[in-house]
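**Q** First, the structure itself, so that you have it in front of you.
The values are calculated or read from the model by the stated rules, or taken from the named source; none is laboratory data. Just so it is clear, the model here is predicted, and its values are computed rather than measured. Backbone-built Cβ (ideal geometry, glycine too); neighbour counts: all protein chains shown. Please note that ligands, DNA and RNA were not included when accessible areas were found on the heavy atoms of the full protein model with its side chains. Shrake-Rupley method; radii C 1.70, N 1.55, O 1.52, S 1.80 Å.
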Amino acid sequence: MNNLLKNSIWVLIAALGAAAVGGIALNRGENINTLWFITAALCVYAIAYRFYAAWIAATVLVIDETRATPAERLDNGRDFVPTNKWIVFGHHFAAIAGPGPLVGPTLAAQFGYLPGTLWILFGAVLGGCVQDMVTLFLSTRRDAKSLGQMARDELGALGGTAALIGTFAIMIILIAVLGLVVVNAMKHSPWATATVSATIPIAMIVGLYMRSFRPGQVLEASALGVALLLLSVVGGGWIDHNPTLRVWFDHEGLMLAWCVMAYGFAAAILPVWLLLAPRDYLSTYVKLGTITLLAVAIIMLQPTVKMPALTQFIDGTGPIFGGKLFPFVFITIACGAISGFHSLIASGTTPKLLSNERDIRMIGYGGMLLESFVAIMAMMAATVLDPGVFFAINSPAGVVGKEAIDAVAKISSWGFPVTVDQMQLLASQMGEATLFARTGGAPSLAVGMASIFGSAFGESMLALWYHFAIMFEAIFILTTLDAGTRVGRFMLQDMLGNIWPKLGETSWTPSVVLTSALVVAGWGYFLYIGVIDPNGGVNILWPLFGIANQMLAAIALCVATGILVKSGKLKYAWVTGVPLAWLVTITSTAAWEKITSDNIRIGFFSAANDLADKLAAGTLPPEKAAVAPQLIFNQHLDGWLTLFFVALLWLIVFDMLRVCSRYLAGKPVLPLAEAPHSPSCLVEDWVRD
Amino acid sequence: MLSKLKSFWRILRRLSGDDAYERYLRHHAEHHQGAMLLSKEAFFKQWQDEKWNGIKRCC
């Protein structure tokens, strides 16, 4: 009877989920309530977690509860510590959830709500969650080794090197594109700039408090910091209304880009306790708090989605980024569906805390489900806006025209009516001078969040909510930026240390300054080009980031598939093999189009040639002609970089296939590097210590 | 109710690392009695430096 009841509940969830997904997919012309999305997401997640994840854990990976984890065997009271699964879940989620799942869905909303939503749901349960969970499992069985080490041990030197280069490349592109998002959010917005600048001294105050005033009192210091952050949102508004102070914070994009670079350099060479660690605490609290608040507001308010299911831009003519629905929706939404970066957290970091293999499903698979849900909420925040407003905020001036009147005419002609008055009213409600061409996704997400928060918790504070949302995005973008620059510095020092050992010393100041400067120059270059590009830069950088991130995911899935085959589990290799095949398909197709397309909004080389022709013919306006040589060089560079990424991807895929076919043919391959079984002695009661 | 609040507080302290030094003391007492014990300041410094020596944040 009990069993029957359980089964019928799951049948009910399946039916409800199918109805909700069907409702979202088949709805045409009418507005649809966000409750449908929440229902669809929760049902899909519940079924995938209960059945698919459980099956993978039990049958494919053969999780062994009696086996001691690295955290137990190598317990040192510091980084290897067996930890309660909810605590590990918290750490893991805080580490994997960055700004990616907020920005990607916002940009992909140009295709309508449907493609992005379906990819976020099914990409996560069949791809992203599987990648995170399998990588976590493999690293746990290998003394918490990193992805790069596992690739080297299991596939060979080629795999290891590819993982290392892939990680470094993705870091550079990621930081550049996130920097661009922040710069676009602060451009000519004294309020946003003042608030975001204030987060730096606030982080330092918190750092000093934790270091010198009350050492180790993390919670006290964080509470102080969060209070100061909220004050800085209000204070930014005060500065914005003060005619003398506001000019100090009113800057062009380029000036802000230089500031972001200077900040990144400072953060990489300053000690971690002063800036990076305290900023990370603050961003984690603000992130978790705001995401919870957004979920509560959406559930309370159940706003209506105004974006159509599909827009005409699936043909590749979209204003936010060029390219057809296939493959570009899959490239644009990386985080939230499948993100290669997670495999770096799931290997090396999280396994050091895992007390029992049993928790792998909840932390690996469940953590990614939650991130996918964040992406769904970002998609809702973007699509509850009037489509006309959404496109007015996100379309670069190079596409719709610099003047407001041209922009609204162009956007209205696409069938998304919007007026100058409407945009002016919205801007003044949000406390901004203008909301036209605020590309990058952050401002439109902030407008969406502000309107949701405003309706749920009081309309009068729209401007405060807007700048709170901007602060929320900026604070963890800057955390990713300084943590990433630092990691990039360590990786570079490690690589250069092979050439000249002195450079590998992480405490030798000249090496620290040199490698930090090199890393900042790397992402600073792309950020600089992104800012001076009249088409907004996002159009170039975001697809490049997506390709790099998906390439890293493919490397992780290659390692996983190779290990499954080598473990004699060929018949289950499809669990990672199918998402891998899909990623290789979309990444290669996207790279192919970015390299060969004749469309100047898609193809890097055709854009470079087009610009070069126009420059030679003298038809460019003087301000464009001045930057044209740099843009041409950059388009070439991006084209070659894309080619390099895709070549690296195929190299590692063939390497994996080589190892697999040798194994299947009975030829010698590198042995499995799994640590020997040792029984777990942990009892349950430590959990509640 | 009070015990729920208490366990929430414990989880919060554990998640944020507020109790890291207490955990270190306990670990030390269990495994390395007699060895040199770090002061709270020194431990916290080392703990933070180690925490940020690698990829800890994602996109």
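**Q** Place a +1 charge on the Cβ of each Lys and Arg in chain A and a -1 charge on the Cβ of each Asp and Glu, then give the dipole magnitude about the Cα centre in debye, rounded to the nearest 20. Don't jump to the answer; show the numbers that get you there.
**A** Values: 39 positive and 41 negative charges, 243 e Å.
Rounded to the nearest 20 debye, it is 1160 debye.
**Q** What is the list of residues in the range A:359-402 whose amide nitrogen lies under 20 Å from a point 7 angstrom out from the Cα of A:T619, following Cα to Cβ?
**A** A:398-402
**Q** Apply 1/(1 + (r/R0)^6) to the Cβ-Cβ distance of B:K6 and B:H27, taking R0 = 25 Å, and write down the FRET efficiency to the nearest 0.05. Mind showing how you got there, number by number?
**A** Details: r = 22 Å, r/R0 = 0.89.
Plugging the Cβ-Cβ distance into 1/(1 + (r/R0)^6) gives 0.65.
**Q** Just the ratio, please: alpha-carbon radius of gyration of the range A:278-388 over 2.2 N^0.38 Å, N its number of residues. Kindly include the intermediate steps, with their values, before the conclusion.
**A** Working: Rg = 17.5 Å, N = 111, 2.2 N^0.38 = 13.2 Å.
Dividing the Cα Rg of the range A:278-388 by 2.2 N^0.38 Å gives 1.33.
**Q** Thinking of the range A:188-280 as a set of Cα atoms, what percent of all their pairs are more than 16 Å apart?
**A** Details: 2487 of 4278 pairs.
Percent of Cα pairs beyond 16 Å in the range A:188-280: 58.
**Q** Label-point separation (nm) for A:D315 and A:M204, each offset 7 Å from Cα along Cα-to-Cβ?
**A** About 5.5 nm separates the two model spin labels.
**Q** Express in nm, to one decimal, how much length is gained between A:A521 and A:F213 on full extension, taking 0.36 nm for each residue of separation and deducting their alpha carbon distance.
**A** Working: separation 308, 0.36 × 308 = 110.88 nm, distance 3.55 nm.
Taking 0.36 nm per residue and subtracting the Cα distance, the gain is 107.3 nm.
**Q** Assuming R0 = 41 Å, can you tell me the calculated FRET efficiency for the pair A:R78 and A:A612, based on Cβ-Cβ distance, to the nearest 0.05?
**A** Details: r = 56 Å, r/R0 = 1.37.
With a Förster radius of 41 Å, E is 0.15.
**Q** Continuing with this model, one more query. Compare the Cα positions of A:F472, A:S283, A:G367 along the charge dipole of chain A (+1 at Cβ of Lys, Arg; -1 at Cβ of Asp, Glu; about the Cα centre) and return the one farthest towards the positive end.
**A** Looking along the dipole axis, the top candidate is A:G367.
**Q** If you don't mind, there's one more thing I want to ask. At 0.36 nm per residue, minus the direct Cα-Cα distance, what do A:V627 and A:S460 gain on full extension? Give it in nm, one decimal, please. Can you show the working numbers first?
**A** Numbers: separation 167, 0.36 × 167 = 60.12 nm, distance 4.32 nm.
Extra length available between A:V627 and A:S460 comes to 55.8 nm.
**Q** Roughly speaking, what is the stretch gain from A:M495 to A:L514, that is 0.36 nm per residue apart minus the C-alpha to C-alpha distance, in nm to one decimal? All intermediate terms of the calculation are to be shown ahead of the outcome.
**A** Numbers: separation 19, 0.36 × 19 = 6.84 nm, distance 1.34 nm.
Between A:M495 and A:L514, full extension yields an extra 5.5 nm.
**Q** What accessible area, summed over both chains, is buried at the B-A interface (1.4 Å probe, Å², nearest 100)?
**A** Numbers: alone 5670 and 26190 Å², together 28280 Å².
Separately minus together, B and A give about 3600 Å² buried.
**Q** Follow-up question, since we're still on this one. Could you tell me the largest-minus-smallest coordinate of the C-alpha atoms of the range A:72-133 on each of the three principal axes, in descending order and whole angstroms?
**A** 50, 22, 15
**Q** Moving to a separate point now. Answer rounded, prolate or oblate for chain B, using the Cα gyration tensor with square roots of eigenvalues a ≥ b ≥ c: rounded when a/c is under 1.5, else prolate when a/b is larger than b/c, else oblate. Could the numbers behind the result be given before it?
**A** Details: a/c = 2.63, a/b = 1.14, b/c = 2.31.
Note, shape of chain B comes out oblate.
**Q** Here is a further query. Given the rule -39500 (n - 2.57) for each run of at least 4 DSSP H residues, summed and divided by the residues of chain A, what is its mean residue ellipticity at 222 nm, to the nearest 500 deg cm²/dmol?
**A** Values: 28 runs with 462 residues, N = 689.
After summing the helix terms and dividing by residue count, I get -22500 deg cm²/dmol.
**Q** Would you mind computing Rg(Cα) / (2.2 N^0.38 Å) for the range A:311-366, counting N as its residues?
**A** Numbers: Rg = 17.4 Å, N = 56, 2.2 N^0.38 = 10.2 Å.
In units of the 2.2 N^0.38 Å rule of thumb, it is 1.71.
**Q** Further question: Shape of the range A:39-87 from its Cα gyration tensor (a ≥ b ≥ c, root eigenvalues): rounded if a/c is under 1.5, otherwise prolate when a/b > b/c, or oblate? All intermediate terms of the calculation are to be shown ahead of the outcome.
**A** Values: a/c = 4.86, a/b = 1.86, b/c = 2.62.
Here the range A:39-87 falls in the oblate category.
**Q** Also, quick follow-up: Treating the Cα atoms of the range A:569-683 as identical point scatterers in vacuum, please give the log10 of the normalised Debye intensity I(q)/I(0) at q = 0.11, 0.24 Å⁻¹, two decimals.
**A** -0.60, -1.26
**Q** With a 1.4 Å probe and all protein chains in place, put A:W119, A:W273 in order of accessible area, largest first. Provide the component values of the computation, followed by the final result.
**A** Details: A:W119 25, A:W273 50 Å².
Per-residue accessible area, sorted high to low, gives A:W273, A:W119.
**Q** Also: Calculate the mean, over all residues of peptide A:572-578, of how many other protein chain Cβ atoms lie within 10 angstrom of the residue's Cβ. Intermediate values should be presented prior to the final figure.
**A** Working: counts 0, 0, 0, 0, 0, 0, 0.
Averaged over the peptide's residues, the number is 0.
**Q** By its C-alpha gyration tensor, with a ≥ b ≥ c as the square roots of the eigenvalues, how is the protein assembly as shown shaped: rounded for a/c under 1.5, else prolate for a/b larger than b/c, else oblate?
**A** Numbers: a/c = 1.34, a/b = 1.25, b/c = 1.07.
Rounded, because the longest to shortest axis ratio a/c is under 1.5.
**Q** If we count trypsin sites (Lys or Arg not before Pro) as exposed when they sit in a DSSP loop and have at most 16 other beta carbons within 10 Å, what is the longest stretch of chain A that avoids them all? Intermediate results must be reported in sequence, preceding the final value.
**A** Details: sites that count: A:R28, A:R78, A:K402, A:K569.
So the longest stretch without any such site is A:79-401.
**Q** Something else about it: Around A:L478, what is the net charge, scoring Lys/Arg as +1 and Asp/Glu as -1 over all other residues with Cβ under 14 Å from its Cβ? The partial results should precede the final answer.
**A** Values: positive: A:R279, A:K287, A:R486, B:R57; negative: A:D280, A:E473, A:D482.
So the environment of A:L478 carries a net charge of +1.
**Q** Mind giving me the FRET efficiency for A:A14 and A:T244? R0 is 56 Å, r the Cβ-Cβ distance, nearest 0.05 is fine.
**A** Details: r = 63 Å, r/R0 = 1.12.
With a Förster radius of 56 Å, E is 0.35.
**Q** If you don't mind, another one. For chain A, what % of the accessible area comes from carbon and sulfur atoms, probe 1.4 Å? Numbers along the way, then the final one.
**A** Numbers: 16630 of 24480 Å².
Here carbon and sulfur together make up 68 percent of the probe-accessible area.
**Q** Give me the accessible area per residue for the range A:225-278, probe 1.4 Å, as a whole number in Å².
**A** Details: 2550 Å² over 54 residues.
Roughly 47 Å² per residue, with all protein chains present.
**Q** To make sure I understand the rule: partners must be lysines, Cα under 23 Å from the Cα of A:K402, and not fewer than 8 residues away in the same chain. Which ones qualify?
**A** List returned: A:K187, A:K410, A:K614, A:K624.
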